[in-house]
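Taking it in order: structure first as structure tokens, then the write-up.
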Amino acid sequence: MDRDEILEKGRKDNRLHDEGALDAHQKGRRVGVAGFMVLIAVVIIYNAAIGISISLPLVFLLGYLTCQAWGQYVARRETVVLVTGVVGSVGLVIALAGYVLSTLL
């Protein structure tokens, strides 16, 4: 194989790991997360201002943060992220139980 054939084969093998596509995916994820956080903050502030329970938006926020922490822990095995996942899970269960109880009563 000559040099050009080797380079072409390498490009075909690495289509799933295209640097440009990965970078675009990461930037899109950052914007999506920031937008989600702003939206949750607005909903929590609005609900608190008019006297509606903030438990449902809090469940979504804690659910997202907890899932993200567990995903990072599985990938990197960092103790700080493990603690975040455990604390987030406890908070999520409490918030979800509070929401469910508030809708039943």
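Residue selection: SER55 satisfies the criterion of being surrounded by 16 or more Cβ atoms within 10 Å (Cβ to Cβ) and over 13 Å from the mean Cα position of the chain (by Cα). State whether one or more residues within segment 66-77 are farther than 21 Å from ALA34 by Cβ and either touching a Ser or Thr at 6+ places or on another chain (Cβ under 6 Å) or in a loop (DSSP other than H, G, I, E, B) (or both). Checked segment 66-77: at least one residue is farther than 21 Å from ALA34 by Cβ and either touching a Ser or Thr at 6+ places or on another chain (Cβ under 6 Å) or in a loop (DSSP other than H, G, I, E, B) (or both).
When you look at ALA49, is it surrounded by 12 or more Cβ atoms within 10 Å (Cβ to Cβ) and at pLDDT 95 or above, yes or no? Considered against the rule, which asks whether it is surrounded by 12 or more Cβ atoms within 10 Å (Cβ to Cβ) and at pLDDT 95 or above, ALA49 comes out as no. One residue is enough: does segment 5-15 have a residue meeting the conditions assigned to a helix (DSSP H, G or I) and at pLDDT 75 or above? Checked segment 5-15: at least one residue is assigned to a helix (DSSP H, G or I) and at pLDDT 75 or above. Is it fair to say VAL43 is of a type in the set (A, V, I, L, M, F, W, C) and under 23 Å from ALA97 (Cβ atoms)? In short, yes. Taking (1) touching a residue at least 40 places away in the same chain (Cβ under 8 Å); (2) under 13 Å from the mean Cα position of the chain (by Cα) in turn, ALA95 satisfies each apart from (2).
Filtered by the rule that a residue be farther than 21 Å from GLY35 by Cα and in a helix (DSSP H, G or I), segment 50-65 gives a lone residue, ILE50.
The values are calculated or read from the model by the stated rules, or taken from the named source; none is laboratory data. Keep in mind that this is a model prediction, so the values were computed, not measured. Note that we place each Cβ from the backbone using ideal geometry, even for glycine, and neighbour counts take in every protein chain shown.
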